[in-house]
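These notes concern the structure reproduced below.
The values are calculated or read from the model by the stated rules, or taken from the named source; none is laboratory data. A quick note: this is a predicted structure, and the numbers were derived from the prediction, not measured. For neighbour counting, all protein chains shown are included, and Cβ atoms are generated from backbone atoms with ideal geometry for every residue, glycine included.
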Amino acid sequence: MKILCPTDFSLPARAAARVAIDLAVRTAGTVELLHVVPSSAGDVLALATGAAVVDGQIRTTGQMRLAAERRELGCGAGVETTSWLADGDVESAILGRAAAIEADLIVMAAHGRSTWERFALGSTAERVVRRADRPVLIVPPQAQAFDLGPVREPAGARTPGAPRGGRPAMRVALAVGGGGASAAALALVRSLRRGPGCDVTVLRLYWPVEEIQRLGLIGARALAAADPDIVVDLERSLRAQVEPALAGTEEAGQITYAVEPAWGEPAERILDAALAHGCDLLVMGAESHHGLARVAHPAVASGVAHKASRISVVFVPSSPATPTSARVPAIATVLAPTDLSAAGNRAIPFAYSLLAAHGGVVELCHVHERSLPAPPYLYDRKEGKLSEAERACLESQLRALVPRDAQRMGITTHVSVIDGAHAADAIVHAAERLGADAIVLGSHGRSAVARALMGSVSQGVMRHARRPVLMVPSAKNDAS
């Protein structure tokens, strides 16, 4: 990893430089120290003496201090260190030098101004984060270097799970939002795991009401505690994204998942959760609101930058999105809902046909519609609820619809009965809970007048589903 570390020779800047050196040790990387001489540094002195003389003195002093800092930091660490002196605007010089040397990471200190000063004036670190096109690691005054002890191989064979080189494992929290982790953030974590031990905690905080509504969960729920159904759903999607990206780094350390409810200010909750899990470093996406948008839509990353005081944070800008046409989505799970009518059942073989070539899972389900209390996650209404015998009968009818050659094609069938809610809403929520890649359902072919008066389940699903929907027309429509 090639690291650029700006310094003003202050104590916070030296602490940031030690973090940069330790990261370079862990990733077999290099560090370049950068000092920027502001263009106005010699204006006052230039009134009494020649501007060129003053500028020369300032640059000579800067070069000497850089050389001394480089020798002190690199001594004994075995890290290749270089230095560079620049002048002009500080943020532009940092970003320009990072681009020139193709740095993988910028490491810099936060100088601990008050909250009001940072809001009113901003900070160099925050401005670099907003403008950077590469990851920026901010080291607050109270954060510590990960480990600067000598690398020692433990006596005898290395015990399973012990980091290579005897260096304690670095503990990284990867904060993931509703859109998942960006490819750039995952690539950075992967590079950290190439070195000695690096444990990763994938941190996903969720707003309980939002997730309950997304999944259509019914019955009284404990909103303050982690909901098992929500945790299973979110962790499944996290694993599907994170594990392929970090494949091949298993020896570096453990990967754990922390899916927790969050109430209150998001930035504070992210920082509290990272510290609660004993992490040394927080990795998260960087947002780039500007001007009035920063006030109207305060960014979570900006809040973290303002409030972080005991943990270093890497802000990773999003990488350019891969064009949709360049990716071939895989379909491994298909949701096939049916009302057990002829038109509904007719769509089921098409669900299996989507998986015939490579196998997969068909989630075969039926929705028993009944009215629910409002909101349904606070109350549990018994009226109209299916009995165990009625549920078993419906499940038996569903199993009778499974094609005979499904197992031979490597297709597994799961049968379920959803008790409650409107059919279209229940189907959309079931697709979320089950992680379906596609939905296949039949259309009953109502007339335009009937659809206007009563609505259509298939139309409701198509309007609100977040995954592809294959709608199979009724036999009546085929004949016409």
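Details
- Residues that are of a type in the set (A, V, I, L, M), surrounded by 17 or more Cβ atoms within 10 Å (Cβ to Cβ) and free of Cβ contacts under 8 Å to residues at least 60 places away in the same chain, drawn from segment 60-89: 66, 73, 79, 85, 86
- Condition check for residue 364: assigned to a loop (DSSP other than H, G, I, E, B) and touching a residue at least 12 places away in the same chain (Cβ under 8 Å): no
- If you go through segment 329-352 and keep only what is assigned to a loop (DSSP other than H, G, I, E, B) and over 38 Å from the mean Cα position of the chain (by Cα), you end up with 340, 341.
- For segment 378-413, filtering for residues that are hydroxyl-bearing (Ser, Thr, Tyr) and surrounded by 12 or more Cβ atoms within 10 Å (Cβ to Cβ) leaves 3.
- Filter result for the condition that a residue is modelled with pLDDT of 95 or more, within 27 Å of residue 237 (Cα to Cα) and not assigned by TED's automatic domain parsing to the domain that holds residue 95, over 357, 351: 351
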